[in-house]
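Read through the structure below, which is laid out as structure tokens, and then see the notes.
Please treat every number below as a calculation from the coordinates, not as lab data. All of these numbers come straight from a predicted model, not from anything done at the bench. Neighbour counts are summed over all protein chains in view; Cβ atoms, including those assigned to glycine, are modelled from backbone coordinates with ideal geometry.
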């Protein structure tokens, strides 16, 4: 049972458990297992951040670098499918766009069931229980702001799936916490009520399993794809590029004439920015190209209060990172991270080894304000669909001022701790060590007695 409580913060869920307000999670899952914090993936956004659970790989590896993205190569050649926004009808292409080296979790079970999860690759015929209800229900909930109804329908589907003895994997998403938080803040009364409703559904599902004599044989894994922070200010990144001479397209203005840039925003606190160069849309635009075109562009962008971290490739094959705290160079070579501060330290990490494995990098940064940011930037830039420039927003700010209805009052997607740290609740004891959400996939396979395939990036937590 893989339950994705979309947008749930680790600290909120932990505090509700300690206060006794999630009694069913505590009794039926945590009493037999563990609760640990884990690092989500960058961008910490619904969709891309689902990929680790279902594939064991980072979003950059499976070529889903954001909830919105552009493929410069396809755009240059005039090919189809050169841009995506999974916030609308293009969500139907999500599984087709996914490039999972070991397939999805569904492929490893005989009778998997999917409920409201946008990754459907590997499902057998009839396995997508919400195939017909989701599109209309999500559209109605968005415009009528009735996300509690969606959570209730998710619970109804879950109970039906539990009672069918053939099903050996159930993946279910509860979107209410995320959607309600966007309209208020992470501690709003309605948001906390969504946590409590989720707990009620867990209790009903556990009771059904007891009646079916399947309780002790069921592995529960409750996870979240991202945290969220309150947003008080909106920065129009598209307008900034326009004023600097980089006329930008974005959603819904993807056919804007004479555009020299594209801004694809995820969660509203992260953006992939694509820039033309001397060859038009062909090839990457590097730091040196951008500085040649506008020597003050990066400095001017960094001066914006809403901009926290910038990252872009350079001619030497590395990643140049900037923040108001300083600048650094990052490389992934021979299976290790090479991180070298150039002036100050953009993440404020303090002294770190210059060369680290991916695990050592996670361990060294896990308790910081930017957990695992080095590996997360590397994995994202590994995607051919990632931006030339990556922008991560300051806490309290987002990067999208237009075309967002209803107005977002909370955001996610950035490298910030409160948006990147998420809970993993498992009904089996798991290691209390720094973890990533990519570790969920191999952990489920190991605990259900299935082989862990090669080519994934997660490591079992048992």
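Overview of results
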{"item": "Relative contact order [Cα under 8 Å, 6+ residues apart], the chain, whole percent", "result": "28 percent"}
{"item": "Length-normalised contact order for the stretch 233-408 - Cα pairs under 8 Å, 6+ apart - percent", "result": "26 percent"}
{"item": "Share, in percent, of DSSP beta bridges within the stretch 233-408 that are antiparallel, nearest 5", "result": "90 percent"}
{"item": "Sequence of 397, 428 once ranked by neighbouring C-beta atoms within 10 Å, starting from the fewest", "result": "428, 397"}
{"item": "Convex hull volume per residue for the stretch 160-260, taking Cα atoms only, in Å³", "result": "160 Å³"}
{"item": "Neighbour-count ranking [beta-carbon atoms within 10 angstrom, fewest first] of 361, 329", "result": "329, 361"}
{"item": "Where only alpha carbons of the stretch 186-229 are counted, the Rg and the Dmax (Å)", "result": "13.7, 41"}
{"item": "The stretch 14-166: radius of gyration and largest Cα-Cα distance (Dmax), Å", "result": "17.7, 57"}
{"item": "Cα convex hull volume per residue for the stretch 233-408 (Å³)", "result": "121 Å³"}
{"item": "Kirkwood hydrodynamic radius (C-alpha pairs) into Stokes-Einstein, the stretch 246-344, 10 °C and 1.306 mPa s, D in µm²/s", "result": "106 µm²/s"}
{"item": "The stretch 340-414 - Kirkwood radius from inverse mean 1/r over Cα pairs (Å)", "result": "14.7 Å"}
{"item": "Cα coordinate range in the chain, projected on the principal axes (Å, largest first)", "result": "69, 47, 40"}
{"item": "Antiparallel %, DSSP beta bridges [both residues in the chain], to 5", "result": "75 percent"}
{"item": "Burial ordering of 374, 136, fewest other beta-carbon atoms within 10 Å first", "result": "136, 374"}
{"item": "Alpha-carbon centroids, the stretch 146-199 and the stretch 279-342: separation in whole Å", "result": "39 Å"}
{"item": "Kirkwood hydrodynamic radius of the stretch 317-462, from inverse mean 1/r over distinct Cα pairs, in Å", "result": "17.2 Å"}
